[in-house]
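One structure is given below, encoded as structure tokens.
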Amino acid sequence: AFQAERQGQWTKGKSCDTFGPIGPWLVTTDEIADPQNLKMWLTVNGKTMQNGSTKTMVYGVKYLVSYLSQFMSLHPGDIISTGTPPGVGLGMKPPVFLKAGDVVELGIEGMGQQKQTFKADE
């Protein structure tokens, strides 16, 4: 729970080595009609934990690109982690954390889905 340590932005918790798996391919802007209207979901061991839409994001995709480009160079193929729908385990009472062997499946409408099995460091 790096993001909870000393407060701050969630990027710390999303950016460790091996975190944030993507691919095996990316979707280009011409393949998505409206990036602000895509369903997103996540399950852990078959149980729905998150179910939402890019429609309810605090900051829209165009705003994020515009804002970030004021501070850094953005190039084709760059990835911007935008956030997540409600249901983050850390925010639950009591908090819920992944355990070795848990299977996480997630998807975004029109972009695909992926599945990972959580492995703990040895």
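The values are calculated or read from the model by the stated rules, or taken from the named source; none is laboratory data. Everything numeric here is computed off the predicted structure, so don't read it as measured data. As a convention, Cβ positions derive from the backbone with ideal geometry for all residues, glycine included, and neighbour counts pool all protein chains shown.
Please verify whether MET92 is surrounded by 15 or more Cβ atoms within 10 Å (Cβ to Cβ) and not polar (S, T, N, Q), treating the condition exactly as stated.
No, not satisfied.
Condition first: of a type in the set (Val, Ile, Thr) and either loosely packed, with under 14 Cβ neighbours inside 10 Å or more than 15 Å from THR43 (Cβ to Cβ) (or both). Now tell me which residues in region 100-115 satisfy that.
Once the filter is applied, which keeps residues that are of a type in the set (Val, Ile, Thr) and either loosely packed, with under 14 Cβ neighbours inside 10 Å or more than 15 Å from THR43 (Cβ to Cβ) (or both), region 100-115 yields only VAL103.
Quick one: would you say LYS62 is modelled with pLDDT under 90, basic (Lys, Arg), part of a helix (DSSP H, G or I) and surrounded by 13 or more Cβ atoms within 10 Å (Cβ to Cβ)?
Spelling it out, it is not the case that LYS62 is modelled with pLDDT under 90, basic (Lys, Arg), part of a helix (DSSP H, G or I) and surrounded by 13 or more Cβ atoms within 10 Å (Cβ to Cβ).
Given (1) charged (D, E, K, R); (2) farther than 18 Å from VAL104 by Cβ; (3) within 13 Å of the chain's Cα centre (by Cα), where does LYS39 come up short, assuming only one miss?
Only one criterion is unmet by LYS39, namely (2).
Check GLY20 against each of (1) part of a loop (DSSP other than H, G, I, E, B); (2) at pLDDT below 75; (3) more than 18 Å from GLU105 (Cβ to Cβ); (4) not hydrophobic (A, V, I, L, M, F, W, C) and name the one condition it does not meet.
With respect to (1) part of a loop (DSSP other than H, G, I, E, B); (2) at pLDDT below 75; (3) more than 18 Å from GLU105 (Cβ to Cβ); (4) not hydrophobic (A, V, I, L, M, F, W, C), GLY20 is out only on (3).
In the set PHE71, PHE97, which member is at pLDDT 85 or above and surrounded by fewer than 10 Cβ atoms within 10 Å (Cβ to Cβ)?
PHE71
Scan region 66-114 for residues that are assigned to a loop (DSSP other than H, G, I, E, B), of a type in the set (S, T, N, Q) and either touching a helix residue (DSSP H, G or I) at 6+ places or on another chain (Cβ under 6 Å) or closer than 21 Å to LYS39 by Cβ (or both) and jot them down.
Across region 66-114, the qualifying residues are SER81, THR82, THR84.
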